[in-house]
1. Search the range 160-182 for residues being surrounded by 12 or more Cβ atoms within 10 Å (Cβ to Cβ) and basic (Lys, Arg), and hand back the single one that is farthest from ASP50 (Cα to Cα).
2. Evaluate the following for VAL38: is it among the β-branched types (Val, Ile, Thr), modelled with pLDDT of 95 or more, closer than 30 Å to GLU244 by Cα and surrounded by 13 or more Cβ atoms within 10 Å (Cβ to Cβ)?
3. Please go through the range 77-101 and pick out each residue that is basic (Lys, Arg) and under 24 Å from LYS161 (Cβ atoms).
4. Would you confirm whether or not the range 216-227 contains a residue that is surrounded by fewer than 19 Cβ atoms within 10 Å (Cβ to Cβ), in a strand (DSSP E or B), modelled with pLDDT of 95 or more and within 36 Å of the chain's Cα centre (by Cα)?
5. Among the residues of the range 232-243, what is the count of those that are buried (at least 19 other Cβ atoms within 10 Å of the Cβ) and either small (Gly, Ala, Ser) or touching a residue at least 40 places away in the same chain (Cβ under 8 Å) (or both)?
6. Do the conditions hold for VAL142, that is, is it of a type in the set (A, V, I, L, M), assigned by TED's automatic domain parsing to the domain that holds LEU56 and assigned to a helix (DSSP H, G or I)?
7. Assigned to a helix (DSSP H, G or I) and at pLDDT 95 or above: is that true of GLU186 in this structure?
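The values are calculated or read from the model by the stated rules, or taken from the named source; none is laboratory data. The structure displayed is predicted, hence computed values, not measured ones. Note that we place each Cβ from the backbone using ideal geometry, even for glycine, and neighbour counts take in every protein chain shown.
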Amino acid sequence: MPPAKHAGMITPTGRKMLKCPLRSISPVISISKESMAVLADLQARDHDLDQLRARLGRIPEEAAGLREGLEGDKARAEEMKAQGKKLQLERKEKEVELATKEETVRKHQRELNEVKSNEAFKALQREIDLAKEGAGKIEEEVLLLMERVDESLRKEKEEAKRIEGLRQEVERKVGDLAAEGERIREDLAKKTSEREEIASRIAPETLKQYLQIRARKGGLALVPVRNGTCGGCNMKLIPQAIVEVKKGTQIVLCDGCQRILHLV
């Protein structure tokens, strides 16, 4: 009995025969061109459903992001308000300090009428002058603080107005997202039902193979043949694979990415 031929064996003619296996599932699953078209329709519907589910999943994140942004702006507004209160407290402390200096001046001025010696009079006058000088500096600080307080209050009002506008905008956008979510859920229910009807028209073994590949390949199980290459991985297909795909009688897989090949 002659030995069985295998990839790379030498034939009686002396030519080396290279075996290029066709990648198809084992056992071979037969499929008609019409069924392949239904499978392509199923994949399109699955892709649509994937997009809807992905969008639905992002909605809570977007809503949370909007609320977090608003809370961040509120926190900054509260910090601004706290700084304003600090300025007001500092102004009041300076006003008390100024009042104390002014009272010192008045007290020393009254004491001038009671001193008996010229030296005591001059010493008291120096204290009055120093107190007046100190009071003048404090008064300048008070005026500056008053300006800063007024500016702070103005900014607080502007920020409060902006925050209120932002709050209303966030509420509107969150409401729009909630409404969009409801629409998507309704659309999902309808399209899932339609998808199940399409899936019921596909042979169980074919559907199983499709779902397995789809799970492994990021949702893309069925890819077109374009110019002799795989539409999934762009690998050049062997001639035998292209011939079998054109026949449209069985499922053929790409030798590179193991996706189902079909003609468009």
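1. Selected residue: ARG162.
2. yes
3. Step one: filter the range 77-101 for residues basic (Lys, Arg), giving 81, 85-86, 91-92, 94, 101.
Matches in the range 77-101: LYS81, LYS85, LYS86.
4. Taking the range 216-227 first, the residues surrounded by fewer than 19 Cβ atoms within 10 Å (Cβ to Cβ) are 216-220, 224, 226-227.
Applying the additional criterion that residues be in a strand (DSSP E or B) yields 224, 226.
Now narrow it down to the ones that are modelled with pLDDT of 95 or more: 224.
Now restrict to residues that are within 36 Å of the chain's Cα centre (by Cα): 224.
Yes, the conditions are met somewhere in the range 216-227.
5. The first filter runs over the range 232-243 and keeps only residues buried (at least 19 other Cβ atoms within 10 Å of the Cβ), leaving 232, 237, 241.
Restricting the remaining residues to those that are either small (Gly, Ala, Ser) or touching a residue at least 40 places away in the same chain (Cβ under 8 Å) (or both) gives 232, 241.
Of the residues in that region, 2 qualify.
6. Details: of a type in the set (A, V, I, L, M): yes; assigned by TED's automatic domain parsing to the domain that holds LEU56: yes; assigned to a helix (DSSP H, G or I): yes.
Considered against the rule, which asks whether it is of a type in the set (A, V, I, L, M), assigned by TED's automatic domain parsing to the domain that holds LEU56 and assigned to a helix (DSSP H, G or I), VAL142 comes out as yes.
7. Against the criterion (assigned to a helix (DSSP H, G or I) and at pLDDT 95 or above), GLU186 qualifies.
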